[in-house]
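Shown next, in structure tokens, is the structure this report addresses.
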């Protein structure tokens, strides 16, 4: 009889479904924007150029504080993830050693 | 009016076509460069009479002076040769003097055609070279030794008695109307003349802006003197209406520009605000994830300490080895 941890099962399933759903929605939206903006109508090309100009006008300095915080938080998140794994390995090894004595 | 003997034996060709060399009259210098005003498709002699007459008038020739079309063709040809020999800068000087609204990059023939339309007999501000060009284009023979008074006298003689009387009458009327309107001579603007900018340069540079209409506007007296009472007044009214329209169009244009700038500014603000909001949401999500992750790590650690999970089952072989 397989030992199934339902909490883990729920967590992984939810994470997988939510990630796939969000990815598909994002890609769909991006594709729709690309198709619309690559139209040959003169007004569409006007909008396309305008969007490009607005993109070029963006200044990193306006948002650099928040962007750096986000990057640091991502690093911390990855470290925590790594720490979880390391702790699981540590306890497994600990219990194995304890049982073998 | 300079006339050349008609040459009925040889057909007259437009410049640019393989034409035999024409003898140049002594009054006109040898041509150095001829730039046609239009692409010659036909020979001059093949043109219909009305087109030929119109062309002759555009070059300042009076059609009635020529007996036949052949004579007219020869005269047009001579006139074009003469224009080709004129100095372009001097032509532009005469254009500035006459305050004709033209593009500065017109060719010599087009400039000459504009100069032909200048009927003014007030020669103040015109250099001797300019006077020579004007005299030639009004069809008066010019000698190399002619000074300014001589040239002016020649032009006045060319004008004729009745034309002069008419002009004087118009000038009198003009001064009368001018006095009635209260327009003094000092009110006449002395702004510098500017050429009409080319269509593609309008708005591209402030230095080539459209000349102010007032800068090119002669006084009402001069207008009536040159064009007559009704034409002068009508021209002035038309110009005033044009000024008003131009002013209103400029106002509308500047208002639209201001609106567009405002829209652009608001859009940029909205873009910045939107991006800042998105980044803030992302930051909050990341903070929540990190806090939950840290809490989960601590919880797992404490849970392992308080309720240690059972040891994984040891394989049978390994257990036997250990017992031995």
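Rule-based calculations on the coordinates, nothing more; no lab input. Worth saying up front: this structure is predicted, and the values here are computed from it rather than measured. FYI the Cβ positions are ideal-geometry reconstructions off the backbone, even for glycines, and counts take in every protein chain you see.
Using every Cα-Cα pair within segment B:227-282, state what percent have a distance larger than 19 Å.
61
Compute the angle between helix A:64-100 and the longest alpha-carbon principal axis of chain A, please, reported from 0 to 90 degrees and rounded to the nearest 10.
Result, in degrees: 20.
On average over all directions, what projected area in square nanometres does segment A:29-83 have, based on the convex hull of its Cα atoms?
5.6
For chain A, set up a GNM with springs between Cα atoms under 10 Å and report which of A:63, A:77, A:91 has the largest fluctuation.
A:91
Quick one: angle between helix A:6-37 and the longest Cα principal axis of chain A, in degrees between 0 and 90, rounded to 10, please.
Taking the Cα atoms of chain A, the angle to A:6-37 is about 10 degrees.
Expressed as a whole percent, how much of the Cα-Cα distance distribution for chain A exceeds 21 Å?
69
For an R0 of 35 angstrom, estimate the FRET efficiency from the Cβ-Cβ distance between residue B:292 and residue A:43 and round to the nearest 0.05. It would help to have the intermediate numbers written out before the result.
Details: r = 47 Å, r/R0 = 1.34.
For residue B:292 and residue A:43, the calculated efficiency is 0.15.
Please report how far the C-alpha centroid of segment B:251-280 lies from that of segment B:121-188, rounded to the nearest whole angstrom.
Cα centroid to Cα centroid, the span is 58 Å.
Multiplying the sequence separation of residue B:179 and residue B:250 by 0.36 nm and subtracting their Cα-Cα distance, what value in nm do you get?
Numbers: separation 71, 0.36 × 71 = 25.56 nm, distance 3.20 nm.
Here the segment from residue B:179 to residue B:250 would lengthen by 22.4 nm.
Along Cα→Cβ, 7 Å out, is where each label goes; now give me the distance between the ones at residue B:144 and residue B:279 in nm to one decimal.
Label at residue B:144, label at residue B:279, 8.0 nm between them.
For segment A:75-101 and segment B:56-76, compute the distance between their C-alpha centroids and round to whole Å.
For segment A:75-101 versus segment B:56-76, the Cα centre distance is 110 Å.
Please grab the % of Cα pairs in segment B:81-185 that end up more than 24 Å from each other.
In whole percent, the long-distance tail amounts to 31.
Between residue B:240 and residue B:107, 0.36 nm times their residue separation minus their Cα-Cα distance comes to what?
Separation in residues times 0.36 nm, less the Cα-Cα distance, equals 44.9 nm.
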